[in-house]
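Trainee: Below are the structure tokens for one structure; questions will follow.
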Amino acid sequence: QTLLSPSRIQVLDPRLANQIAAGEVVERPASVAKELIENAIDAGGARIEVEVEQGGTRLIKVRDDGIGIGKEDLPLALARHATSKIASLEDLEGVSSLGFRGEALASVSSVSRLELVSNAESDPREGWRVVAEGRGMEARVSPAPHPRGTSVSVRDLFFNTPARRKFLRTEKTEFAHLEETFRRQALSRYDIAWVLKHNQKVVHQLPPGDSPSARERRIASLLGKNFIEHARYIEREVGPLRLSGWVGLPTHSRAQADQQYFFVNGRVVRDRLVAHAVRQAYKDVLYNGRHPVFVLYLSLDPDVVDVNVHPTKHEVRFRDGRTVHDFLYSSLHHCLATSRPNAASESAD
Ligand code: ADP
Ligand code: MG
């Protein structure tokens, strides 16, 4: 049958439709970890534990002590376009949760062996387990004890999609990506206690704490003592825009742009406009080819920034990009200009 001969139009099986959608968001174990961790944060977890085996290709398990999912909602948790986070276009425009597309669990469970166990009650005997089976991805729910909260286990990622599995790299590389995702999430919420384990070994264990010194301890433990010793704390508010965080001094530049964290309303983003403002601010104080380090938090009214630009939500669109750009540039420029005793620029790596 050639492409030119007419063929009947059919609706895809749910699993196949989900596998196609998974192509957009599920690239590797780190992308699965990102989605599961975002769900744990949205659920209000105070403690989030991430357990990984073989770089995440064998197992990624995220456990939280958040609100959990009630038994009657469980079948919908793995269904596509099903979400508890928004119900209308107005909700979408002012969205403050990390998720809202209702696609992640459906996508991930179509390309892995996903099991979700949850309990929305205080009695640990009340837990339930759900898996999605067959081409129709019918939800099967069975009792499973679990303390209040949710655990999602994703095993054997891409076991049924060989074309995608081929793109997986070594265990070490996949874990490095996953650890970076964990780092970003842990830097986005200091009030949450975090644990990351790889092949039964604890890689990061971060106690909760929102005070300035607790924050600095967390940054030092995730990015190294050097980072915090060569950074200056900044805090600035102009109208509805608020910027805070740590700006690396030119004495601690790096050969790669690998320690640059920028959060917009708690969501880590890679944005061209932000990158440009930062580059401009460092232009005169950094040697060519060197990259600054920073951990910065921008907050602004959720309805002046659009987060629904790309399925991975790594990009955002500001309603008034110019103002945001100028605010960032002037804040950083001022900070760097006033904290530089001389133009010395020794490298830190
Ligand atoms: P989204 O996060 O965009 O809503 P997901 O597919 O990631 O979509 O999750 C679907 C729904 O399952 C969520 O809206 C939420 O109601 C529920 N859910 C997923 N993970 C958790 C969790 N860790 N705790 C509580 N509820 C969860
Ligand atoms: Mg989600």
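Trainee: Quick one: what are the phi-derived ³J(HN,Hα) couplings along the stretch 111-120, Karplus 6.51/-1.76/1.60 with θ = phi - 60°, whole Hz, x for glycine and proline?
Mentor: Those phi angles translate into 10, 7, 9, 9, 10, 10, 10, 8, 8, 9 Hz.
Trainee: What dipole magnitude, in Debye to the nearest 20, does the stretch 233-328 give about its Cα centre under +1 on Lys/Arg Cβ and -1 on Asp/Glu Cβ?
Mentor: That gives the stretch 233-328 a dipole magnitude of about 300 debye.
Trainee: Which loop-located trypsin sites (Lys or Arg not before Pro) does the stretch 1-73 contain, where loop means any DSSP state but H, G, I, E or B and the Cβ has at most 14 other Cβ atoms within 10 Å?
Mentor: Those that pass, being in a loop and sparsely packed, are 8.
Trainee: With θ set to phi - 60° and the Karplus curve 6.51 cos²θ - 1.76 cosθ + 1.60, what are the ³J(HN,Hα) couplings of the stretch 217-231 in order, to the nearest whole Hz, using x for Gly and Pro?
Mentor: 4, 5, 4, 4, 6, 8, 10, x, 4, 3, 4, 6, 5, 10, 10
Trainee: Along its principal axes, what span do the Cα atoms of the chain show, with the longest given first and each in whole Å?
Mentor: Answer, in whole Å and largest first: 68, 57, 42 Å.
Trainee: In whole Å, how far is the Cα centre of the stretch 43-106 from that of the stretch 256-329?
Mentor: 26
Trainee: Can you sort 83, 181, 170, 161 by how many other beta carbons sit within 10 Å, fewest first?
Mentor: Going from sparsest to densest Cβ surroundings: 170, 161, 83, 181.
Trainee: Karplus couplings for the stretch 14-24 from phi (6.51 cos²θ - 1.76 cosθ + 1.60, θ = phi - 60°), rounded to Hz, Gly and Pro as x?
Mentor: Running phi through 6.51 cos²θ - 1.76 cosθ + 1.60 with θ = phi - 60° gives x, 4, 5, 4, 5, 5, 5, 4, 4, x, 7 Hz.
Trainee: Once you compute Rg and the Kirkwood Rh from C-alpha atoms, what is the Rg to Rh ratio for the stretch 212-338?
Mentor: Answer for the stretch 212-338: 0.95.
Trainee: Something else: Quote the relative contact order of the stretch 229-310 in percent (integer), defining contacts as alpha-carbon pairs under 8 Å separated by 6+ residues.
Mentor: Taking the mean separation of contacting Cα pairs over the length of the stretch 229-310, I get 40 percent.
Trainee: Would you work out the relative contact order for the chain, in percent, from Cα pairs under 8 angstrom that are 6 or more residues apart?
Mentor: Normalised by residue count, the contact order of the chain is 16 percent.
Trainee: Fewest Cβ neighbours within 10 Å first, please rank 42, 284 accordingly.
Mentor: Ascending number of Cβ neighbours within 10 Å: 284, 42.
Trainee: So what is the calculated 222 nm ellipticity per residue for the chain, using -39500 (n - 2.57) for each DSSP H run with n of 4 or more, over all residues, to the nearest 500 deg cm²/dmol?
Mentor: Computed mean residue ellipticity for the chain: -9500 deg cm²/dmol.
Trainee: Dipole magnitude of the chain about its Cα centre, charges +1 at Lys/Arg Cβ and -1 at Asp/Glu Cβ only, in debye to the nearest 20?
Mentor: Here the chain has a charge dipole of around 1020 debye.
Trainee: Which entries in 85/313; 61/172; 225/313; 34/313; 34/197; 61/201 show an alpha-carbon gap greater than 20 Å?
Mentor: 225/313
Every number here is computed from the coordinates shown, using simple stated rules; none is lab data. Fair warning: this is a prediction, and the values are worked out from it, not measured in the lab. Neighbour counts run over all protein chains shown; Cβ positions are idealised from the backbone, glycine included.
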